[in-house]
Amino acid sequence: MKVIRLRAGRERSLQRRHPWVFESAIAKGGADPGETVRVESAEGEFLAWAAFSPASQIRVRAWSFDAAERIDAAFFERRIARALAMRERLQVPSDAVRLVHGESDGLPGLIVDRYGDTLVAQFGTAGVERWKTVIVEALLRQTGLKRFYERSDASVRALEGLPEQTGWLAGEGATELTIREHDWRLSLDIATGHKTGYYLDQRDNRRRFAEVVRQHGCKRVLNCFSYTGGFSVAALAGGAERVISVDSSGPALARANAHVALNGFEAARHEALDADVNKTLRALIAAGEQFDAIVLDPPKLAPTSAHAERAARAYKDINRLGLKLLAPGGLLFTFSCSGGVGPELFHKIVAGAGMDAQVDAYILERVAAAPDHPQTLYFPEGDYLKGLLLLKQG
Ligand code: SAH
């Protein structure tokens with residue numbers, strides 16, 4: 001067994017059960033990509049069993065903090081069983097569920113989503129890449145499913161020195177699927193959709209949006225960064241008379257239009273705008289338009305805290321414009337999915353946007369990702385998606 005020895009004083013993070021060790025914390029030792037290593041303090045005390053990533057700044061990711069645990073096929077069986085059991089408890093109101101959420105499920109770098117009868121996974125680190133066959137077999141056996149598609153094409157693979165890889169790992173057939181989320185039907189393509197096909201983390205917030213649109217009687221709704229129109233369908237279900245979806249992806253908008261029809265809403269209630277959100281917000285303000293509810297769900301602008309400052313300006317800009325465009329008494333549902341922007345910083349940014357727009361707003365709710373994208377006590381980075389539901393003061 002290869003040993004990774006840390007520098008003096010750098011053992012604290014693992015002792016607190018945070019799974020990452022950065023390159024700068026390592027005094028000596030090395031291993032092959034994904035190989036299991038024993039991580040020790042400068043004094044030679046056991047800290048963790050971990051996977052080694054020679055190409056990544058995050059050089060080591062812990063599998064287990066228990067010196068007696070063996071990292072073998074049975075270990076992955078146990079971790080997967082625990083993750084699946086947790087999802088059983090949640091009773092997710094959809095047949096599309098995140099089954100494994102990386103570090104939060106003790107499997108750093110592994111994302112597994114279930115869409116109906118199909119599993120879709122992303123192997124994001126050298127560790128899970130090395131154990132791929134074992135992991136795939138365990139998931140197929142434990143779920144009883146037959147179809148398993150790989151979407152290892154996220155940018156994190158490059159940081160690990162891993163090539164992109166996509167395609168069927170088990171089973172075959174159509175990659176175009178239809179799922180049921182709440183009372184809605186939504187379609188997606190697991191081969192070409194964003195992430196593994198859909199943004200499952202916003203599931204509960206989409207339902208909440210339908211409820212508040214109904215409760216507050218919102219008629220005109222603007223869904224910015226709409227992707228395939230999940231929040232737009234929610235707004236229509238909540239009784240909105242007219243919904244505009246804005247996104248820069250043509251195929252996503254075509255699907256948003258299809259979702260309006262699929263859920264039995266009149267096409268005339270929905271408009272899909274293939275445009276840049278920032279420009280669109282400015283144009284709508286210039287045209288004197290107003291909305292009763294606006295969703296701002298931009299892509300990840302700050303993957304790490306190093307990008308936080310530039311991202312903060314971008315978040316502030318769209319939130320300022322959104323608050324301006326909102327009718328008095330209107331609702332803003334605003335999100336950040338940047339790991340580098342914590343909930344406090346996000347609140348500060350949106351407050352700054354309110355200042356600049358010269359409006360105040362009540363914070364009705366603070367929201368996060370749906371619970372099948374769990375956070376744990378020792379991994380604060382799990383708190384990546386945060387949202388504020390604001391009511392603009394009249
Ligand atoms: N709210 C969506 C998920 C949004 S993901 C849901 O519930 O499913 C972010 C979206 O922003 C992506 O669809 C991407 O195509 C779009 N996007 C990124 N930059 C953009 C820009 N500058 N203007 C418009 N859309 C943009």
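None of the figures in this text is laboratory data; all of them are computed from the coordinates on show. Please read these numbers as outputs of a predicted model, since none were measured by experiment. We place every Cβ from the backbone using ideal geometry, glycine too, and count neighbours over all the protein chains shown.
Summary of values
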| read-out | value |
| --- | --- |
| Helix-only mean residue ellipticity at 222 nm for the chain, each DSSP H run of n ≥ 4 adding -39500 (n - 2.57), per residue, nearest 500 | -9000 deg cm²/dmol |
| Signed unit charges on C-beta, dipole axis of region 301-394, positive-most listed residue HIS373, TYR362, LEU323 | LEU323 |
| Set of lysines near LYS316 by C-alpha distance (under 19 Å), chain-local residues within fewer than 8 positions excluded | LYS279, LYS300, LYS324, LYS348, LYS386, LYS392 |
| Charge tally in the Cβ shell below 15 Å around ASN263, where Lys, Arg are +1 and Asp, Glu are -1, ASN263 excluded | +3 |
| Dipole of the chain [Lys/Arg +1, Asp/Glu -1 at C-beta], most positive-end residue of HIS101, GLN122, ILE4 | ILE4 |
| Kirkwood hydrodynamic radius of region 32-81, from inverse mean 1/r over distinct Cα pairs, in Å | 11.6 |
| From the C-alpha gyration tensor of the chain, square roots of 5λ in Å | 40, 25, 17 |
| Helix runs (DSSP H) in the chain reaching 20 Å along axis by Cα, Kyte-Doolittle at least -0.5 | 73-90, 343-357 |
| ILE285, ILE58 arranged by Cβ crowding within 10 Å, fewest neighbours leading | ILE285, ILE58 |
| Estimated dipole of region 97-189 in Debye, rounded to 20 [Cβ of Lys and Arg +1, of Asp and Glu -1, Cα centre] | 240 |
| Per-peptide average of other Cβ atoms within 10 Å, ordering 313-322, 63-72 highest first | 313-322, 63-72 |
| Given charges at beta-carbon only (K, R positive; D, E negative), |dipole| of region 45-199 in Debye | 160 |
| Dipole magnitude of region 64-134 about its Cα centre (Cβ charges: Lys, Arg +1; Asp, Glu -1), debye to nearest 20 | 40 |
| Selection from VAL295, THR133, ALA174, by position along the positive dipole direction of the chain (Cβ) | VAL295 |
| DSSP-defined antiparallel bridges as percent of all bridges, the chain, nearest 5 | 65 |
| Radius 15 Å from Cβ of LYS28, net charge of other residues (Lys, Arg +1; Asp, Glu -1) | +2 |
| Value in Å of the Kirkwood radius, where region 1-41 supplies the Cα pairs that are averaged | 10.5 |
| Bins of 5 Å, starting at 0 and running to the largest distance - Cα pair percent for region 290-330 | 5, 23, 25, 18, 13, 10, 5, 1 |
| Normalised contact order of the chain, rounded percent, pairs of Cα under 8 Å and 6 or more residues apart | 11 |
| Residue among GLN202, GLN57, GLN290 with the largest mean-square fluctuation in a Gaussian network model of the chain, springs linking Cα atoms under 10 Å | GLN57 |
